[in-house]
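A short worksheet on the structure shown next.
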């Protein structure tokens, strides 16, 4: 990956699918997400929400917009 991309993108490129993470995004915290996929060509990271109310929702984020990951 080129040097003009964030370290979060580098981490997602190496992260095992099925890993539970929390995502810090523009001052918001998205908790209890399961990482499913990262596309290096589009920088899209795909997660599935875990939980009673929102469980099963799919979230697709541009890794360059993610400020931090908490890997559980």
Residues being without any contact (Cβ under 8 Å) to a residue 24 or more places away in the chain and surrounded by 11 or more Cβ atoms within 10 Å (Cβ to Cβ) - total across the stretch 1-22: 2
With the structure loaded, tell me whether residue 25 is within 15 Å of residue 72 (Cβ to Cβ), in contact (Cβ under 8 Å) with a residue 12 or more places away in the chain and surrounded by 13 or more Cβ atoms within 10 Å (Cβ to Cβ) or whether it fails that test. no
Selection from the stretch 37-47 of residues buried (at least 16 other Cβ atoms within 10 Å of the Cβ) and under 19 Å from residue 72 (Cα atoms) yields 38, 45, 46, 47
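FYI, it's all coordinate maths here, none of it is from the lab. This structure is a prediction, so every number in the text was calculated from the model and none was measured. Because the Cβ atoms are built from the backbone with ideal geometry, glycine has one as well, and the counts that use them run over all protein chains shown.
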